[in-house]
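Below you will find the structure I want to go over with you.
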Amino acid sequence: MTGHLHSSLREIAASGIPFALIARDGATVELLTGDVIDVDLLGDIPLTDSAGTPREVLALVPFRQVRERGFECHDDSAPLRCLVVTGRTRIPREDALEELPSDPIPLADPGFDIADDDYAEIVRRVIADEIGRGEGANFVIRRDFTAGVAADAATAALTWFRALLEHERGAYWTFAVVTPGHVAVGASPEAHVSARDGIVTMNPISGTFRHPAGGATSETLTEFLESTKETEELFMVVDEELKMMSAVCSDGGRITGPHLKEMSRLTHTEYVLRGRSRMDPRDILRETMFAPTVTGSPMQNACTVITRHEETPRGYYSGVAALFTPRPSVGASADEPTHDLDAPILIRTAYLQDGRLRVPVGATLVRHSDPYGEVGETHGKAAGVLGAIGAVPRDSSAKPAAAPVDATAVDEDAPAPEARRLADDPAIAALLASRNTRLAEFWLKPQGATEPGPFEGRSALVVDAEDRFTTMLAHQLRHLGLEVEITPWDEVTDEQIDATELLVCGPGPGDPRDPASARMRRMREIVARRRSSGRALLAVCLSHQILAHSLGIDLAPLDAPHQGLQKTVDVFGSPASIGFYNTFTARVPAGTARVADTEVSADASGDVYALRGPGYASVQGHLESILSRDGMTTLHRLVEHAFTPVGA
């Protein structure tokens, strides 16, 4: 077998036949061969042949596909490349290690394209100019490690794949994809999205612990797990991915975890999100482009911020490798998807094109970020790949990992993926579990059918102001019994504003006072029109600020942004634990409880957390966030007030 394997791989590499190697079960390597087709849109991925017969396709999805969602990017014309599979072979892992080439591939002039000091300055600018001005909660800005490579591209791919297979551990996929003019080789720790048997799974990973010399210990890991910055970073990306889950899953999604993801040089924390969906897997992929762990949040504005601070296109970095596998047709109903989907994020990946190696890495920048700490994070992430391929001193070989828990399994109470030595430490396990005491029980429970809600039979229109927290908010409103529709701010009509029983004006990034923003102008018009009608209005975060300003209440920037901050505040006499994502606040003189006919709920400094008046209510926090332990109760109260007839 091994001689045949060696010959076939060598012949494939020499022949120029497109191929892919994928290791994802800990025991085997899948060898895929086929034909390459480049397409323009995700919907064009050729999942069937001319006769309509389903076929397997591996697609490399570049970052530029965010244009399909109307988001900004530097467009480098990187193709949406599809390997239409015509041949598939499973090879035992040990046989592959024995037969793949292992001679080091020399690198010329290696180094980062952005100097450490320059990258640190970018971090400072993003914190001050973007997070500090309300553009979002967190952003991922990349830099590239580059080098020259004189070796044959296919041989380099086989060599690097072998090295990653042997020296990296904890990867979701270890892979090599070799197509004309382009090579991608990586060990991605993160499954972005998968769909199988009607179950959609996402796997947000965030928080990065760089192993000290000599390896990680319970003591050193404990300090990392107790870090406010690292904990909030993970919570923020879970919120962002729940937005996506709520858009593609009828039951909104449930979170399980947190778990540890241990790799050769790094350990991350992660959650698993699961929900049910009958959508075409290509549509699921489009609605979840791309992971907040490699872009930021809110997603649309994160893409704009990336465009401002990254001077070059991303190529495939932060895109996905998407494997579409035909499902058995026996017993399948006509409205069920024809393919399952398994799509890891394209991170910890080396790219080779025109003799140049490129390893892109990024750090998640939040309000607590230390510029040189984020510089160090990019070095640590690059080292996982570079150490395996021999560009930096290599860690000792990793032992073969146990087969990972299937992230698409239907069992929603499955144990943590890949039980690890450190995770088995009782103190570490307790510290991980304690994180969930801060989270909303609503999102920790199954999200299936419920009893009729208190507002059964009534309708709501949610206006999206460019923050898809509205999908989570809509899901919660449905649990309260409402029929809900979401419409973007620039598409909602005056007729819709007037007709709906409850108008919910949603959150969004930016300065609500900005006179140059068309979005802010339109949101002010929407809020004013609805309030003047006297019909039920609920305003959230940005729209709460706009409502407050229309009532004559001043707006001001906070001294420090409340991005991903959990606070217990008084909401009209009841304490509520709520998550906040705001840089600006409505502010009244200390002690103010009423402005004209509007009740004001504010803290001792005058920062306004909620308002309620004739036919309207508003809240500064995000009741839909996983950080809002009292979110559903408070939402119910505010909607009930908004529906109360004026004068009642």
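No value in this document is a laboratory result; all are computed from the given coordinates. It should be emphasised that the depicted structure is a prediction, and the values quoted were computed from it without experimental measurement. Neighbour counts are summed over all protein chains in view; Cβ atoms, including those assigned to glycine, are modelled from backbone coordinates with ideal geometry.
Would you pull out the residues with amide H under 5 Å of E190's amide H, same chain only if 5 or more places away, H placed 1.01 Å from N?
The answer is Y172, W173, I345.
Another one. Please work out how much length the chain gains when fully extended from T155 to S50, using 0.36 nm per residue of separation minus the C-alpha to C-alpha distance, in nm with one decimal.
Working: separation 105, 0.36 × 105 = 37.80 nm, distance 3.43 nm.
Gain on extension, T155 to S50, equals 34.4 nm.
Collect residues whose amide H, placed 1.01 Å from N in the peptide plane, falls under 5 Å from the amide H of A602; neighbours closer than 5 in sequence don't count.
For A602, the qualifying residues are Y609.
Over the chain, calculate the relative contact order: mean separation of alpha carbon pairs under 8 Å at least 6 apart, over the residue count, as a percent.
Values: 1495 pairs, mean separation 94.1, N = 648.
Contact order relative to length: 15 percent.
Shifting gears a bit: Once you order the gyration tensor axes a ≥ b ≥ c over the Cα atoms, which shape class does region 53-114 get: rounded for a/c under 1.5, otherwise prolate or oblate by comparing a/b with b/c?
Oblate shape, in that a/c is at least 1.5 and b/c is the bigger or equal ratio.
Output wanted: per-residue J couplings in Hz (rounded whole) for region 207-222, from phi through Karplus 6.51 cos²θ - 1.76 cosθ + 1.60, θ = phi - 60°, x for Gly and Pro.
With coefficients 6.51, -1.76 and 1.60, one gets x, 10, 9, 7, 5, x, 4, x, x, 6, 10, 4, 5, 5, 5, 4 Hz.
Oh, and also: With a point put 7 Å past each Cα toward its Cβ, work out how far S434 is from L41 in nm, to one decimal.
Distance between label points: 5.1 nm.
Just need log10 I(q)/I(0) for the chain at q = 0.11 Å⁻¹, Debye formula, equal scatterers on the alpha-carbon atoms, no solvent, rounded to two decimals.
Normalising to I(0) and taking log10 leaves -1.07.
Within the set of other residues whose C-beta is less than 11 Å from the C-beta of P79, count the net charge using Lys and Arg as +1 and Asp and Glu as -1.
Around P79, the charge tally is -1.
Roughly how tilted is helix 228-248, in degrees to the nearest 10 and between 0 and 90, from the longest Cα axis of the chain?
Value to nearest ten degrees: 90.
What does the highest-first list of 553-566, 628-641 look like by mean Cβ count within 10 Å?
Ranking, from highest mean packing down: 628-641, 553-566.
Let me make sure I get this right: for region 185-306, a, b and c are the square roots of the gyration tensor eigenvalues over alpha carbons, sorted descending. Under 1.5 in a/c it's rounded, otherwise prolate if a/b > b/c, else oblate. Which is it?
Note, shape of region 185-306 comes out prolate.
Here is a follow-up. Quick one: net charge of G34's neighbours, Cβ under 15 Å, K/R +1, D/E -1?
The answer is -2.
According to the square roots a ≥ b ≥ c of the eigenvalues of the Cα gyration tensor, what is the shape class of region 450-643, taking rounded for a/c under 1.5, prolate for a/b larger than b/c otherwise, and oblate for the remainder? Working shown, then result.
On the way: a/c = 1.39, a/b = 1.16, b/c = 1.20.
In terms of gyration-tensor shape, rounded.
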